[in-house]
Every structure is written in structure tokens, then in C-alpha cells.
Amino acid sequence: YKVARLEVSGFHGREPGENRWAIDAGAIDSWSTRLTVNPAPDWSGQFSVGRLKSPEQLNPTQDVLRMTASLMYNRPTAQGNWASTFIWGRNFTLPQHEIYNGYLLESTLRFRQRNAIWGRFENVDRTDELLLDGNAEPPGFVETFLARVQAYTLGYDRDLHVIPHLDVAPGAQMTFYGMPASLRPIYGAHPMGVAVF
């Protein structure tokens, strides 16, 4: 209605199995709703909430109440635009009442038509599942909050016209991580990552 849109959905809450080619069917046992507001051409915000029935196969008695909120702004410029997004997400497990939050702030500046530079900050709650080092969860394992980890990313790419209607964008990004000293045995003293694409 005018600048607002309300959406409601029902679905099967279990996450897909490892066989991604199969369609995992099941009863509609979960729901979600989202309110989106676009008060001006370059502004958009949304809030959503959903209840997922038994999403994890390894924890079939655990339901998740999931919430998200985001705010997006785009500023046109003479030869590009500057787009920024703030996102918050929360998982609230039932019946354990564990709360896990995640925050993301990202901004991309497109300039001189073909260039883009971006920065991203992420702040995410990690669980003690991290301590399993990729091993299977033992019977009766219940995830609990362990620590909060940050990621700081900077990147750049440039659009190149290859043929009509086809562009490629070679670029690179670098990510640095912040975490409490208790996680250094897992992440290392100065963890970082580089991606070239």
C-alpha cells in the first residue's frame, strides 16, 4: 500500500540435505512475514520475522525464531552511485533461549562509470560448534554462545566491455579479522584473506 508492502509466507522449515539435486518435501510447518517500506526513491527499509520448525537435522527438537532488519540508501552521482546497507539479523533458539546476533555495514562507491570500491564491516556471534574443528557433533551436543568475531573487508573492481551485452569485472578484496584472544588458537594471531576474481 503506497510506500509499504507486507508479505507473509508458509513453508517447510527443515534445511536441505547434502544432496542438493533432490527437492526436500515436507509439510508447511514454518512461517515468516516481512514489512518493507520505501519512503523515497533512494531509501528502503525492511523488518522480517519467521519461526522455523526444526531447521537442523542434527537438532530436531530445536526451533528457531529468526529476525532481520535492514536499511538501504543509494545516492546517485554524476558518473555512478554510492550505495550503502546496514543489516541486522538474530537467531533465537527454542527451547534453549540462546540468542545469536549478526551485524553488517557495507558501502560501495561506483565512480567514473566502470570502477567500484567497497568496504564491509561484519560483527557476528560464533558458537562453540567452532571448537569441533569440522568434526561431527557428538550426541546431545547443544550449541551455546562462544565469542563475537569481526571481519573488515576492502575491495575494488573495474568493468571491462568484452563483447556487446557482456561485461567482466576483474578485481580483488582483502579481509582482516578481529576476535578475542581466546580464539587465537583457532583463527591464528593475524588472520586475513585475499580474493582475486
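Details
- Within segment 1-51, the set of residues being in contact with a Gly (Cβ under 9 Å, 6 or more places away or on another chain), among the β-branched types (Val, Ile, Thr) and assigned to a strand (DSSP E or B) comprises Thr33, Thr36, Val37.
- Sole exception among (1) more than 22 Å from Asn81 (Cβ to Cβ); (2) touching a Leu at 6+ places or on another chain (Cβ under 7 Å) for Asn135, by number: (2)
- Checked across segment 93-103, the condition of being under 20 Å from Gln173 (Cα atoms) and in contact (Cβ under 8 Å) with a residue 12 or more places away in the chain holds for at least one residue.
- Matching residues, segment 59-89, being of a type in the set (Val, Ile, Thr), closer than 30 Å to Pro138 by Cβ and either within 16 Å of the chain's Cα centre (by Cα) or open to solvent by less than 30 Å² (accessible area, probe 1.4 Å) (or both): Val64
For (1) under 20 Å from Asn101 (Cα atoms); (2) modelled with pLDDT of 95 or more; (3) part of a strand (DSSP E or B), each residue gets a yes or a no:
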residue	(1), (2), (3)
Leu130	yes, no, no
Ala136	no, no, no
Pro139	no, no, no
Leu146	yes, no, yes
Gln150	yes, yes, yes
Asp157	no, yes, yes
Val162	no, no, yes
Tyr177	yes, yes, yes
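- Counting the residues of segment 97-116 that are in a loop (DSSP other than H, G, I, E, B) and surrounded by 15 or more Cβ atoms within 10 Å (Cβ to Cβ) gives 2.
- Among the residues making up segment 165-197, those that are open to solvent by 60 Å² or more (accessible area, probe 1.4 Å) and in contact with a helix residue (DSSP H, G or I) (Cβ under 7 Å, 6 or more places away or on another chain) are Tyr177, Ile186.
The values are calculated or read from the model by the stated rules, or taken from the named source; none is laboratory data. Because the structure is predicted, anything quoted here is derived from the model rather than measured. Glycine gets a Cβ as well: all are built from the backbone with ideal geometry, and neighbour counts include every protein chain shown. The accessibility values were calculated without ligands, DNA or RNA, using every heavy atom of the protein model including side chains. Shrake-Rupley method; radii C 1.70, N 1.55, O 1.52, S 1.80 Å.
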